[in-house]
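So the structure is just underneath, and the comments pick up after that.
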Amino acid sequence: MLHRFLNNDDIDWFGNNMFHTDRNRMFGVPPVNISESDKGFSIEMAAPGYEKKDFKVSVDKNLLTISVDKLEDNTQNADATQEENPANRHVYRQEFKFNSFSRSFTLPDGVDGTNITGSYENGILTLDIPKAAVVDTRKTVEIK
């Protein structure tokens, strides 16, 4: 009965389907927020469960790529030995996994891709992308 309850995605509890899982998003890439200020752009990626060293951020021309190459930990499966699984737990439903992913963004014109900074705190990866210094290309030519 417990197994059936935990795995029934079709039940609509109180009209909001609070136990429903979108299978496409469950194993997809982390969501992002992108904002702009007068100084630059900011990308915030919700990626809890990782460490700073897991992230690789690269820029190639105007393509910014954020990736993680993470191997999945399967020590909690039902076939684990008593030593590997001291509580003798049986996992009935496993919805979060720390998978590898890659996500790319095309940088707009006018950004300084060489001075991007990043931080990872409380499960949020933040990249700050400064705007390039505006060079005034207007010029008045004096005719002699």
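The values are calculated or read from the model by the stated rules, or taken from the named source; none is laboratory data. The structure displayed is predicted, hence computed values, not measured ones. Ideal geometry is used to build each Cβ from the backbone, glycine not excepted, and the neighbour counts take in all protein chains shown. Just the protein is used for accessible areas: all its heavy atoms, side chains included, with ligands, DNA and RNA removed. Shrake-Rupley method; radii C 1.70, N 1.55, O 1.52, S 1.80 Å.
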For segment 90-108, name all the residues that are open to solvent by 80 Å² or more (accessible area, probe 1.4 Å) and touching a residue at least 24 places away in the same chain (Cβ under 8 Å). Tyr92, Phe96, Thr106
Which numbered condition Asn122 fails, given (1) modelled with pLDDT of 90 or more; (2) surrounded by 10 or more Cβ atoms within 10 Å (Cβ to Cβ); (3) over 21 Å from Ser37 (Cβ atoms): (2)
Which condition from (1) out of contact with any Gly (no Cβ under 6 Å at 6 or more places or on another chain); (2) at pLDDT 80 or above is the one that Asn74 breaks? (2)
Can you tell me which residue within segment 97-115, out of those that are of a type in the set (D, E, K, R) and part of a loop (DSSP other than H, G, I, E, B), is nearest to Ala46 (Cα to Cα)? Lys97
Quick check on segment 125-144: of everything there that is more than 20 Å from Lys52 (Cα to Cα) and surrounded by 11 or more Cβ atoms within 10 Å (Cβ to Cβ), which residue is modelled with the lowest pLDDT? Ala132
